[in-house]
Amino acid sequence: MASSWVTITHAAVAMALLLMQFGFPARSKPVSTDPNNCLNLMPELKCCQDRSPKKIVDFKLQPQSSPLRVRRPAHALDTEEAQKYERATALMRALPDNHPWNFVQQANTHCAYCSGSHRQLGLNISFEIHGSWHFFTWHRAYLYFYERILGKLINDTSFALPFWNWDDPSGMSIPPIYRDNSSSLSNPTRYLIGLKFIDLGGCEGNNTVESLPMQRQCNLQVMHRQFIAGFNSSSLFYGSPYRAGDNSFPGGGAIESSPHSSVHQFTSSDMSIVTRAARDPIFFAHHANIDRLWAIWESIPGNGSKVFNDKDFLEASFLFWDENMQLVRIMVRDVIDTRKLGYVYEQVPLPWMNLKTVVEEVGSEGVAVAMGEDDSWKGEVKFPLVLSSQVSVHVGRKVGAKGEKLVVSDIELDGRDHVWFKVYVGRVGGGRVEAGCFIHMERRANERINMATKLQIGITQFIEEIGADGDDWVVVTLVPTVGRNKVTVGGVSIV
Ligand SMILES: [Cu+2]
């Protein structure tokens, strides 16, 4: 008896040691959509689909029988391509109001996933597809079905959505196909400046003939910066994990704030309000470009995504009506390769990829406050703080640390508000670079949306560029540009 007790105890201790070493086996909890629980929270914006399905089928990748669809830059479509797209969208708009393919019903699919309407299966909490690692994946699946429905409507299995190539100077304005007010692709309420220039993040100038080249160059800098900020790190590029039971907005990835949200804002009108955004047909070209940037990021050597090892990422699932009028449950694992989904992007130049970051030197306009040995030295700024004006704080770092991340934590706001602040990293007494920004887009809701999130930026390359590799401290400056006083920041740290 005594010896078997000893054996059991030994076994238990050995198991406990193993678990301590390798961690407890994780409970799998991918987020999935509850098909029977969708709440129309706003009377003026009913986002749940009108039609309930008889059954839901699991998505299966189709064997490639037809050639790959090739998504081309919207500004470069030929007349035939443009007419096809225009006609398909017109047919979509003409469908009965409650048809799942109807243009507004399709737009509502996006709304239902960003308004608290869709609920997580079995949990009755919001399923939100922004501000986490599902930003890219959900939108890829959404565009996939949207494209195939359009193709079906015009009986063309090669039909491909265009992408809005705003990361190249040739595409930095509203593409011509979206401008004609008699077209099914137009939205006459858009901000007219977009006809000249589209701002990827703080680059709007006079929009004069003289200023436009500089504005375009500024846009390329934004592209370069946002890619660096998420470079070579899955968690920074994709955003924070979002598992079943998690609150919305754990933290968006490198390009969700900018250029994604900045382009939404600048396009204005429906596009600037998350819950209405897909009512502007340009939404789909905008998100095709976001999707393309994801594909580009994945193709960069060394960027192999660590998130692909996480079952909670791969097994998350969404619901969409497909081109056969089935409600389909699609998993993230099905959307990580565009070729398997039957499409590719036309290769076009990436003029932002190898730029050099602009370092603003002391004395440049607006820099002096940030760089001086001002009152905020070493913790004199008290967090949490309401971001009412520019604030600089000295943040400690470990010299020689690999993969440094700047974390702006406990960002709190009412999710209905539009908020934008920029983040600079500077050398004490030296130059600074804009390292990133936080942009939250307005959304409609009857009640306050209590939102708590964080911003993470990869800063290794920025630290090198300002020459602060050997410094124990850097100056981080937060500059609110929209929604002053509407956002609270809990802290700033480098990890
Ligand atoms: Cu979007």
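The values are calculated or read from the model by the stated rules, or taken from the named source; none is laboratory data. In this text, all values refer to a predicted model and were calculated from it rather than measured experimentally. Reconstructed Cβ throughout: ideal geometry from the backbone, glycine too, with neighbour counts over all protein chains shown. With ligands, DNA and RNA removed, areas are computed over all heavy atoms of the protein, side chains included. Shrake-Rupley method; radii C 1.70, N 1.55, O 1.52, S 1.80 Å.
Does Trp166 meet the test of being crowded, with 22+ Cβ neighbours inside 10 Å, more than 18 Å from His286 (Cα to Cα) and modelled with pLDDT of 95 or more?
Working: crowded, with 22+ Cβ neighbours inside 10 Å: yes; more than 18 Å from His286 (Cα to Cα): no; modelled with pLDDT of 95 or more: yes.
No: the conditions fail for Trp166.
Among residues belonging to region 419-443 that are over 21 Å from Asn219 (Cβ atoms) and of a type in the set (A, V, I, L, M), point out the one that is surrounded by the fewest Cβ atoms within 10 Å (Cβ to Cβ).
Only one residue fits best here, namely Val428.
Residues that are surrounded by 13 or more Cβ atoms within 10 Å (Cβ to Cβ) and out of contact with any helix residue (DSSP H, G or I) (no Cβ under 9 Å at 6 or more places or on another chain): find the strands (runs of 3 or more DSSP E) completely inside region 18-130 holding 3 or more of those. Spell out the reasoning first.
Working: elements: 33-38, 56-58, 69-71, 118-120.
The qualifying strands (runs of 3 or more DSSP E) are 33-38.
Considering only residues of region 213-265 that are surrounded by fewer than 24 Cβ atoms within 10 Å (Cβ to Cβ) and basic (Lys, Arg), which is farthest from Arg119 (Cα to Cα)?
Filtering first and then ranking leaves Arg216.
Would you please list the contacts, defined by Cβ atoms under 6 Å and residues six or more apart or on different chains, that run from a residue in region 422-436 that is under 16 Å from Leu455 (Cβ atoms) to a residue that is buried (at least 22 other Cβ atoms within 10 Å of the Cβ) and among the polar types (S, T, N, Q)?
What qualifies is Tyr424/Thr477.
Could you list all residues from region 460-490 that are closer than 21 Å to Ser262 by Cα, within 23 Å of the chain's Cα centre (by Cα) and outside any strand (DSSP E or B)?
Passing the criteria: Gly483, Arg484, Lys486.
What pairs come up if the first residue lies in region 122-136 and is not assigned by TED's automatic domain parsing to the domain that holds Thr453, the second is open to solvent by 50 Å² or more (accessible area, probe 1.4 Å) and not acidic (Asp, Glu), and their beta carbons are under 6 Å apart, counting only those six or more places apart or on different chains?
Partner pairs satisfying both residue conditions: Trp133/Pro241.
What's the total number of residues in region 289-309 that are under 30 Å from Tyr191 (Cα atoms), of a type outside the set (Phe, Trp, Tyr) and more than 11 Å from the ligand (Cβ to nearest atom)?
4
Between Leu220, Leu200, Leu143, Leu153, which is closer than 23 Å to Leu91 by Cβ, under 24 Å from the mean Cα position of the chain (by Cα) and aliphatic (A, V, I, L, M)?
On the way: Leu220 fails: closer than 23 Å to Leu91 by Cβ; Leu200 fails: closer than 23 Å to Leu91 by Cβ; Leu153 fails: under 24 Å from the mean Cα position of the chain (by Cα).
Within the list Leu220, Leu200, Leu143, Leu153, the selection yields Leu143.
Within region 251-269, can one find any residue that is in contact with a Leu (Cβ under 9 Å, 6 or more places away or on another chain) and more than 16 Å from the ligand (Cβ to nearest atom)?
Looking for residues that are in contact with a Leu (Cβ under 9 Å, 6 or more places away or on another chain) and more than 16 Å from the ligand (Cβ to nearest atom), one finds at least one in region 251-269, hence yes.
Looking only at region 309-321, which residues are open to solvent by 50 Å² or more (accessible area, probe 1.4 Å) and in contact (Cβ under 8 Å) with a residue 24 or more places away in the chain?
Lys311
Counting residues that are farther than 27 Å from Val263 by Cβ, which strands (runs of 3 or more DSSP E) fully inside region 379-429 reach at least 3?
391-396
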